Amino acid sequence: MGGNDGGAGGNGGHGRGLFGAGGAGGAGGAGGTAGDGGTGGIGGMAARIGNGGNGGDGGIGGTGGSGGNGGVGGDAALIGDGGNGGNGGTGALPGTGGAGGDGGLILGQAGTHGLP
(Lines give C-alpha, C1' and ligand atoms only; values in the text may rest on other atoms or scores of the structure.)
Protein backbone atom coordinates (compact mmCIF):
# COMPACT_ATOMS: atom_id res chain seq x y z
CA MET A 1 0.00 0.00 0.00
CA GLY A 2 2.11 2.85 -1.27
CA GLY A 3 1.29 6.26 -2.64
CA ASN A 4 1.03 4.92 -6.18
CA ASP A 5 -1.86 2.50 -5.77
CA GLY A 6 -4.47 2.18 -8.48
CA GLY A 7 -7.95 3.46 -7.80
CA ALA A 8 -10.87 1.17 -7.08
CA GLY A 9 -13.35 0.47 -9.84
CA GLY A 10 -16.83 1.94 -9.53
CA ASN A 11 -19.71 -0.22 -8.36
CA GLY A 12 -22.36 -1.27 -10.84
CA GLY A 13 -25.79 0.28 -10.55
CA HIS A 14 -28.76 -1.68 -9.27
CA GLY A 15 -31.46 -2.80 -11.67
CA ARG A 16 -34.77 -0.93 -11.56
CA GLY A 17 -38.34 -1.83 -12.37
CA LEU A 18 -39.46 -5.35 -13.17
CA PHE A 19 -36.78 -6.48 -15.63
CA GLY A 20 -33.73 -4.44 -14.64
CA ALA A 21 -30.38 -6.20 -14.71
CA GLY A 22 -27.58 -5.08 -12.44
CA GLY A 23 -24.71 -3.10 -13.94
CA ALA A 24 -21.18 -4.43 -14.09
CA GLY A 25 -18.56 -3.19 -11.66
CA GLY A 26 -15.63 -1.26 -13.09
CA ALA A 27 -12.11 -2.62 -13.22
CA GLY A 28 -9.58 -1.49 -10.68
CA GLY A 29 -6.83 0.83 -11.84
CA ALA A 30 -3.26 -0.34 -12.36
CA GLY A 31 -0.72 0.46 -9.69
CA GLY A 32 2.20 2.78 -10.36
CA THR A 33 5.78 2.05 -9.32
CA ALA A 34 5.61 -0.26 -6.29
CA GLY A 35 1.90 0.45 -6.05
CA ASP A 36 -0.89 -2.07 -5.67
CA GLY A 37 -3.67 -2.53 -8.19
CA GLY A 38 -7.09 -1.21 -7.31
CA THR A 39 -10.00 -3.36 -6.21
CA GLY A 40 -12.64 -4.18 -8.79
CA GLY A 41 -16.09 -2.73 -8.37
CA ILE A 42 -19.06 -4.68 -7.03
CA GLY A 43 -21.68 -5.85 -9.50
CA GLY A 44 -25.11 -4.31 -9.15
CA MET A 45 -28.09 -6.22 -7.81
CA ALA A 46 -30.84 -7.12 -10.24
CA ALA A 47 -34.44 -6.03 -9.95
CA ARG A 48 -37.18 -8.66 -9.64
CA ILE A 49 -36.32 -10.40 -12.92
CA GLY A 50 -32.83 -10.10 -14.34
CA ASN A 51 -29.23 -11.07 -13.84
CA GLY A 52 -26.88 -9.55 -11.34
CA GLY A 53 -23.96 -7.54 -12.68
CA ASN A 54 -20.48 -9.00 -12.92
CA GLY A 55 -17.83 -7.83 -10.51
CA GLY A 56 -14.93 -5.82 -11.92
CA ASP A 57 -11.46 -7.27 -12.29
CA GLY A 58 -8.72 -6.23 -9.92
CA GLY A 59 -6.05 -3.89 -11.22
CA ILE A 60 -2.56 -4.98 -12.17
CA GLY A 61 0.08 -4.26 -9.58
CA GLY A 62 3.00 -2.02 -10.44
CA THR A 63 6.59 -3.29 -10.23
CA GLY A 64 6.77 -4.98 -6.84
CA GLY A 65 3.13 -4.18 -6.10
CA SER A 66 0.31 -6.61 -5.49
CA GLY A 67 -2.65 -7.20 -7.75
CA GLY A 68 -6.02 -5.84 -6.76
CA ASN A 69 -8.84 -8.08 -5.64
CA GLY A 70 -11.74 -8.82 -7.93
CA GLY A 71 -15.14 -7.41 -7.15
CA VAL A 72 -18.08 -9.48 -5.94
CA GLY A 73 -20.83 -10.35 -8.41
CA GLY A 74 -24.26 -8.88 -7.89
CA ASP A 75 -27.21 -10.94 -6.66
CA ALA A 76 -30.33 -11.78 -8.60
CA ALA A 77 -33.64 -11.25 -6.82
CA LEU A 78 -36.44 -13.62 -7.87
CA ILE A 79 -35.58 -14.94 -11.35
CA GLY A 80 -32.13 -14.60 -12.83
CA ASP A 81 -28.51 -15.59 -12.46
CA GLY A 82 -26.04 -14.05 -10.08
CA GLY A 83 -23.19 -12.05 -11.56
CA ASN A 84 -19.75 -13.57 -11.87
CA GLY A 85 -17.00 -12.45 -9.55
CA GLY A 86 -14.16 -10.42 -10.99
CA ASN A 87 -10.71 -11.89 -11.45
CA GLY A 88 -7.83 -10.90 -9.23
CA GLY A 89 -5.14 -8.71 -10.79
CA THR A 90 -1.64 -9.95 -11.45
CA GLY A 91 1.26 -8.73 -9.37
CA ALA A 92 3.98 -9.70 -6.94
CA LEU A 93 1.12 -11.14 -4.90
CA PRO A 94 -1.86 -11.84 -7.14
CA GLY A 95 -5.23 -10.49 -6.12
CA THR A 96 -8.03 -12.72 -4.95
CA GLY A 97 -11.01 -13.34 -7.21
CA GLY A 98 -14.40 -12.09 -6.14
CA ALA A 99 -17.25 -14.34 -5.10
CA GLY A 100 -20.14 -14.91 -7.48
CA GLY A 101 -23.53 -13.43 -6.75
CA ASP A 102 -26.52 -15.45 -5.58
CA GLY A 103 -29.05 -16.77 -8.06
CA GLY A 104 -32.72 -15.86 -7.90
CA LEU A 105 -34.92 -17.24 -5.14
CA ILE A 106 -37.31 -18.84 -7.65
CA LEU A 107 -35.01 -19.67 -10.56
CA GLY A 108 -31.40 -18.97 -11.35
CA GLN A 109 -27.83 -20.03 -10.84
CA ALA A 110 -25.15 -18.51 -8.69
CA GLY A 111 -22.34 -16.69 -10.44
CA THR A 112 -18.90 -18.19 -10.74
CA HIS A 113 -16.03 -17.22 -8.46
CA GLY A 114 -13.34 -15.09 -10.04
CA LEU A 115 -9.80 -16.37 -10.59
CA PRO A 116 -7.60 -17.20 -8.85
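I need the full set of residues from region 14-53 which are within 10 Å of the chain's Cα centre (by Cα) and within 30 Å of residue 3 (Cβ to Cβ), in order please.
Kept after step one, since they are within 10 Å of the chain's Cα centre (by Cα), are these residues of region 14-53: 24-28, 39-44, 53.
Correct list: 24, 25, 26, 27, 28, 39, 40, 41, 42, 43.
Restricting to region 61-116, name every residue that is of a type in the set (A, V, I, L, M, F, W, C) and surrounded by 24 or more Cβ atoms within 10 Å (Cβ to Cβ). Reasoning before the result, please.
Filtering region 61-116 for residues of a type in the set (A, V, I, L, M, F, W, C) gives 72, 76-79, 92-93, 99, 105-107, 110, 115.
72, 76, listed by residue number.
Give all pairs with beta carbons closer than 6 Å in which a residue from region 18-35 that is in contact (Cβ under 8 Å) with a residue 40 or more places away in the chain meets a residue that is crowded, with 16+ Cβ neighbours inside 10 Å and among the hydroxyl-bearing types (Ser, Thr, Tyr); count only pairs at least 6 apart in sequence or on separate chains.
From region 18-35, the pairs are 28/39.
With the requirement that a residue be crowded, with 22+ Cβ neighbours inside 10 Å and over 20 Å from residue 78 (Cα atoms), what does region 30-48 give you? Walk me through it before giving the result.
In the first step, residues of region 30-48 are kept if they are crowded, with 22+ Cβ neighbours inside 10 Å; the result is 30-31, 35-46.
Selection gives 30, 31, 35, 36, 37, 38, 39, 40, 41.
State whether one or more residues within region 30-46 are among the polar types (S, T, N, Q), farther than 19 Å from residue 111 by Cα and part of a loop (DSSP other than H, G, I, E, B).
So the first thing to find is which residues in region 30-46 are among the polar types (S, T, N, Q), and the list is 33, 39.
Now narrow it down to the ones that are farther than 19 Å from residue 111 by Cα: 33.
Add one more test, that the residue is part of a loop (DSSP other than H, G, I, E, B), and what stays is 33.
For region 30-46, residues among the polar types (S, T, N, Q), farther than 19 Å from residue 111 by Cα and part of a loop (DSSP other than H, G, I, E, B): present.
Modelled with pLDDT of 95 or more, of a type outside the set (Lys, Arg), in a loop (DSSP other than H, G, I, E, B) and surrounded by 24 or more Cβ atoms within 10 Å (Cβ to Cβ): is that true of residue 13 in this structure?
no
If you take the residues in region 56-76 that are farther than 13 Å from residue 6 by Cβ and touching a residue at least 60 places away in the same chain (Cβ under 8 Å), which one is nearest to the chain's Cα centre (by Cα)?
71
The values are calculated or read from the model by the stated rules, or taken from the named source; none is laboratory data. Remember, it's a predicted structure, so these values are computed and weren't measured experimentally. We place every Cβ from the backbone using ideal geometry, glycine too, and count neighbours over all the protein chains shown.
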